[in-house]
Amino acid sequence: MGHIMKAAVLYEAGKPLVVEEVVVADPKEREVLVRIKATGVCHSDLNCARGLSRGTMPLILGHEASGVVERVGSSVSRVKPGDRVILSWAPACGHCFYCHEQHPALCDSYNYAAGQGGLWDGTSRLKRAAKPQETINHFSCVSSFAEYAVVPETGCIPMHEEIPFAVGALVGCAVTTGFGAVVNDAKVRAGDCVAVIGVGGVGVNAIQAAAINGAETIVAIDVNDEKRAVAEKFGATHFFNPKTGDAAEYLRGLSHGRGADSAIECTGRPPALTMAYNLVRPGGTLVVVGIAAFGEQFTVAASTLPNSQRKIIGSNYGGGVPEEDIQRILSLYRKGRFDIDSQIGERIRLEQVNEAFDRLEQGVLARSIIEFA
Ligand SMILES: [Zn+2]
Ligand SMILES: [Zn+2]
């Protein structure tokens, strides 16, 4: 039973993904088989492929995706075959402690599944076509570097027909992560001074969300001067390269000597995290979005934390209810108020995924999107 499909498999961190035939099983009772149409190549995939984050191999990466429902399990009611969907990389169960606390991205069932490299029962629907006794693990309940994915029912977020698949894919991760960090965690208000560190797939969305929320001063900070034009296109009012001076001093100069009301750190690099903390004003908020390599630490002068009443908030998948944020973003997009089209870089085939990783590592200006027929 099941389909034979083409997928990119990671066998060993640090090695290229191998595109080969994989058998995807039929969806169980509360699962959905989705035909993938578009999937972005995101830093979280790269980190896992390079061994900077944990993953149980072999596995199929890819977590920023959209597609069409092909088949549904016997008790699925949320979607039907033919529906267009965005896939969630943190599908929630709806009844654990964290789901009740309105933190579905921390869902216990999801975390168990992701930790096992499986779906909610902890088991995989993927195996090698050449060696059917060998199971392949799922990644974040998505695994979209493949022609098909079996996902939990709640991992399917319905998408309006007029939303292009590439746009839907980006909304599945980078857009919602950056948007939510600003709206839910930094709670940016009209007139604010906001710093965004790292002008990448997430950073441009943080910049754009800050602009929509009425921030007066939006400072994009990046070590690559080529990012200035991109940052300004999405609404940054200033650009600063920290190699050229002291970012905290620069921010104070733009904010009545106070510092930024909030900083959104999107790189995950420890020195950038320390810098970001230091440029936030007393009482302001550092939102940490970028994911550091496993085991890395960052330091702040401990005495400054109580005295300055600064807040440090970790932000995962936008920090709110991702599904609701996704609908808000799609509504802004459809009204022409949120630019996602310009975030789409080259459109590639699955076989080019390793080259896309190399380019992402070098710092590309827009997202590579793998498209399927
Ligand atoms: Zn991602
Ligand atoms: Zn839950």
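The values are calculated or read from the model by the stated rules, or taken from the named source; none is laboratory data. Treat the numbers as computed from the prediction; the structure is a model and nothing was measured. Methodologically, a virtual Cβ is constructed for each residue, glycine included, from the backbone with ideal geometry; neighbour enumeration extends over all protein chains shown.
Structure summary
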item	result
Qualifying residue in segment 66-83 (condition: modelled with pLDDT under 95, more than 20 Å from the chain's Cα centre (by Cα), over 25 Å from Gly320 (Cα atoms) and of a type outside the set (Ser, Thr, Tyr))	no
Test for Ala90: is it within 16 Å of ligand 1 (Cβ to nearest atom) and either over 21 Å from Pro58 (Cα atoms) or of a type outside the set (Gly, Ala, Ser) (or both)	no
Any hit, segment 307-321, residues being part of a loop (DSSP other than H, G, I, E, B) and loosely packed, with under 15 Cβ neighbours inside 10 Å	yes
Residue satisfying condition, being buried (at least 19 other Cβ atoms within 10 Å of the Cβ), out of contact with any strand residue (DSSP E or B) (no Cβ under 6 Å at 6 or more places or on another chain) and hydroxyl-bearing (Ser, Thr, Tyr), within set Tyr333, Tyr277	Tyr333
Residue in segment 32-41 that is in the same structural domain as Ala129 (by TED's automatic domain parsing), in a loop (DSSP other than H, G, I, E, B) and in contact with a His (Cβ under 9 Å, 6 or more places away or on another chain) present	no
Test: residue in segment 77-86 that is within 15 Å of ligand 1 (Cβ to nearest atom), buried (at least 19 other Cβ atoms within 10 Å of the Cβ) and assigned by TED's automatic domain parsing to the domain that holds Ala356	yes
Gly295 farther than 20 Å from Ala38 by Cα and more than 16 Å from the chain's Cα centre (by Cα)	yes
Any chance Asp325 is under 30 Å from Gly14 (Cβ atoms) and assigned to a helix (DSSP H, G or I)	no
Residue list for segment 71-104, restricted to those being in a loop (DSSP other than H, G, I, E, B), away from ligand 2 (no atom under 16 Å from the Cβ) and of a type in the set (A, V, I, L, M)	Val76, Val79
Odd one out for Thr177 among (1) more than 21 Å from Glu249 (Cα to Cα); (2) more than 16 Å from ligand 1 (Cβ to nearest atom); (3) not hydrophobic (A, V, I, L, M, F, W, C)	(2)
Positions within segment 347-373 being within 18 Å of the chain's Cα centre (by Cα) and modelled with pLDDT under 95, in sequence order	Arg359, Leu360, Glu361, Gly363, Val364, Leu365, Ala366, Arg367
Flag for Ala220 being without any contact (Cβ under 8 Å) to a residue 40 or more places away in the chain, over 25 Å from Pro271 (Cα atoms) and not assigned by TED's automatic domain parsing to the domain that holds Pro104	no
Test: residue in segment 229-252 that is closer than 30 Å to Phe357 by Cα, of a type in the set (D, E, K, R), in a helix (DSSP H, G or I) and touching a helix residue (DSSP H, G or I) at 6+ places or on another chain (Cβ under 7 Å)	yes
Residue among Cys193, Cys156 that alone is more than 20 Å from the chain's Cα centre (by Cα) and hydrophobic (A, V, I, L, M, F, W, C)	Cys193
Filtered residue count, segment 197-211, keeping only those that are hydrophobic (A, V, I, L, M, F, W, C), closer than 30 Å to Ile36 by Cβ and either surrounded by fewer than 24 Cβ atoms within 10 Å (Cβ to Cβ) or away from ligand 1 (no atom under 13 Å from the Cβ) (or both)	5
When residues of segment 138-152 are limited to those that are aromatic (Phe, Trp, Tyr) and in contact with a His (Cβ under 7 Å, 6 or more places away or on another chain), the one farthest from Thr56 (Cα to Cα)	Tyr148
